[in-house]
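Okay, so here's the structure we're looking at.
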Amino acid sequence: MHTYAYVGPAEIAASVRHGTGTLVRSPADLERFLSGRPDDERPEPFTFVVDRSGTLRLAPRRSEHVACADGEAVRAAGEMGFAHLRQGWTADYLSNQSTGYCPDPVESWPAVVAALHRAGIAHGPGFTHPLVHRRCPACGEWNSVRDAHFVCVLCDADLPVATRVGPMDLALLADEEGNAVRITVLGRHPMMQDGVGLAAEIAVETPFVSGRIPLALWRRRLEDWGRALDRLEGGEDIAWMAVDRGPSVFIRLTGERDCPEVVVEDETVSMVTVHVPVDLPEHWIAHHRKRLHDVLTAWNPE
């Protein structure tokens, strides 16, 4: 199942007190939780998450989801209300409203079903109050879409309609001469199950030649990219994905034209190697650390 990393304000995550979320594995657990709440809270929906183990956690409504989850990634998050019927407890109010995790209502629903089934709590066919969350590709702000108005509330840019997260550049190695090597994450990889991999592409753009090649990424490759940035900051040239199948990327800090050179090598399919001199701007490594962090946070691949 998909998991969602925390995407809300860092200061809220930093203030998390562990143990805020109550584990609910049975109707008795739910009854103990509800009996401990004031009478005026019980009719209201509560904050909930489904943690990485698939267990339902509940907290008072105005609790932060990241606190309910002990600061960890989740499989689902939102608000949940309960009613006691003749046959037992049922979740009669369900939403995926969580600005801390912004879960997709379709992707996260199976995790909610499994957690409620495990706890012996009935439910309807879907979220009673589903919300659409989208990340703005222009400014990075997360938006809750209202009335199918796919426009960022912060910068007025168009939001992706079909997917929760639009394409994101993991790398943009470019200069003012028009030379660029861009690595873009396009979305979940359709051939890799359970959110393990991401579909991406490498695009080479120069005034003389251009081209692109598909690429699959997963957490280990992304973490390797982070280590490559560390070596570049230390003054070393790097080879990324050189031992894997598919395209490889090499960055030489001082190329033949006395500026950095990016080499994209495709020995598997086209058998073509492209050398692109790129006069990289100051602080480009720090900017790429931020891009990597944003990709890992938004997509959270396994």
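Does segment 59-71 contain any residue that is in contact with a strand residue (DSSP E or B) (Cβ under 7 Å, 6 or more places away or on another chain) and of a type in the set (S, T, N, Q)?
So far as segment 59-71 goes, yes, one or more of its residues are in contact with a strand residue (DSSP E or B) (Cβ under 7 Å, 6 or more places away or on another chain) and of a type in the set (S, T, N, Q).
Output the residue which, of all residues in segment 118-136 that are assigned to a loop (DSSP other than H, G, I, E, B) and not aliphatic (A, V, I, L, M), is least open to solvent (accessible area, probe 1.4 Å).
Cys136
Give me a count of the residues in segment 176-215 that are outside any strand (DSSP E or B), open to solvent by 20 Å² or more (accessible area, probe 1.4 Å) and small (Gly, Ala, Ser).
1
Could you tell me whether Phe33 is in a helix (DSSP H, G or I) and either in contact with a Lys or Arg (Cβ under 9 Å, 6 or more places away or on another chain) or modelled with pLDDT of 95 or more (or both)?
yes
Report yes if some residue within segment 228-246 is within 30 Å of Met191 (Cβ to Cβ), open to solvent by 100 Å² or more (accessible area, probe 1.4 Å) and touching a residue at least 12 places away in the same chain (Cβ under 8 Å); otherwise report no.
Checked against the condition, which is being within 30 Å of Met191 (Cβ to Cβ), open to solvent by 100 Å² or more (accessible area, probe 1.4 Å) and touching a residue at least 12 places away in the same chain (Cβ under 8 Å), segment 228-246 yields at least one hit.
Hey, does segment 143-166 have a residue that's touching a Leu at 6+ places or on another chain (Cβ under 9 Å), among the acidic types (Asp, Glu) and either open to solvent by 20 Å² or more (accessible area, probe 1.4 Å) or farther than 23 Å from His288 by Cβ (or both)?
There is no residue in segment 143-166 that is touching a Leu at 6+ places or on another chain (Cβ under 9 Å), among the acidic types (Asp, Glu) and either open to solvent by 20 Å² or more (accessible area, probe 1.4 Å) or farther than 23 Å from His288 by Cβ (or both).
As an exercise: evaluate Val66 against (1) assigned to a loop (DSSP other than H, G, I, E, B); (2) under 20 Å from Glu11 (Cβ atoms) and give the number of the one condition it does not meet.
So the condition that Val66 fails would be (1).
Mind listing whichever residues of segment 10-35 are under 19 Å from Thr90 (Cα atoms) and loosely packed, with under 10 Cβ neighbours inside 10 Å?
Answer for segment 10-35, where residues must be under 19 Å from Thr90 (Cα atoms) and loosely packed, with under 10 Cβ neighbours inside 10 Å: just Ser35.
The values are calculated or read from the model by the stated rules, or taken from the named source; none is laboratory data. The structure displayed is predicted, hence computed values, not measured ones. Here Cβ is always computed from backbone atoms with ideal geometry, including for glycine, and neighbour counts include all displayed protein chains. To get the accessible areas, we keep the full protein, side chains included, count just its heavy atoms, and leave off ligands, DNA and RNA. Shrake-Rupley method; radii C 1.70, N 1.55, O 1.52, S 1.80 Å.
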